[in-house]
């Protein structure tokens, strides 16, 4: 396959890459591409879908390269063949636990479809083509035994590629689904909390953060601010502020939705130009100001016990941001 060139903006992300890895070009890579160009050709399909080289493609766009070297896999005709080639090119990548769980989920579905004809015919799995180039067939999981549970071998193959046992993978998939649900709802703080536990602690630690049966909030509660946690009534003089706190909480949720939309835009063509890190930092700060405007810390002067305290005016609580000023 002869090397060709393409305009980097003509290239397209493979959907699995966005779903599993969500690659972002590092500044070091961008600087390298800007000074040295693309040293290793990007592998693409005849339809310009990237199989290997998503970060190089992004770096080339940011570095304003007019063309990039590519190798076209014209032998890939079917969507299933393209998917197999993408998996093969990324099989040995270093992955976070979240990425391995996403890989497992997608790969389980892939192998289930791949093995279906063999399962229906009662044929052994060693007849399945080995899609990982350079890997001996002996590395594949055990052969499909007649009458084995449906989907069990697909899970075995996905587990062999990711190093996740079935039970661990099932738990990790639940956490990943919760991350996606939180992100879709605009609760990026919740998504980040689960992602951090999953990637830096353990699958079990992340699962413990899931609340399958949350307790309903009583209708009389004013849980929009944290005064309820102090078991203190809201003084009449601060009821207006309480309503403002509810409004600010809603604005905080809108801010989360904005952050999610900014991330989505960063993945479309041209989105590499977005300074997503600075945007995210600014938006996080904005939400922090909203949260800190609410009264949710005991007064440090009177500890909530002096009715004529001049600092809290007898309310017993203060905005959190005042902690460092009194």
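Evaluation of residue 249 against the conditions (1) assigned to a helix (DSSP H, G or I); (2) at pLDDT below 60 shows that the sole unmet condition is (2). Taking the condition part of a loop (DSSP other than H, G, I, E, B) and at pLDDT 85 or above, does residue 164 pass? Here the answer is yes, as residue 164 does meet what is asked. Within segment 7-43, the set of residues being within 16 Å of the chain's Cα centre (by Cα), outside any loop (DSSP other than H, G, I, E, B) and surrounded by fewer than 18 Cβ atoms within 10 Å (Cβ to Cβ) comprises 15, 18, 19. The residue list 196, 98, 184 contains one member that is within 12 Å of the chain's Cα centre (by Cα), surrounded by fewer than 17 Cβ atoms within 10 Å (Cβ to Cβ) and modelled with pLDDT of 85 or more, which is 196. Go through the residues of segment 58-80 one by one and say whether even a single one is part of a helix (DSSP H, G or I), touching a strand residue (DSSP E or B) at 6+ places or on another chain (Cβ under 9 Å) and within 30 Å of residue 165 (Cα to Cα). Checking segment 58-80: not a single residue is part of a helix (DSSP H, G or I), touching a strand residue (DSSP E or B) at 6+ places or on another chain (Cβ under 9 Å) and within 30 Å of residue 165 (Cα to Cα).
The values are calculated or read from the model by the stated rules, or taken from the named source; none is laboratory data. Predicted model, so just to flag it, every value in this text is computed and none were measured. Backbone-built Cβ (ideal geometry, glycine too); neighbour counts: all protein chains shown.
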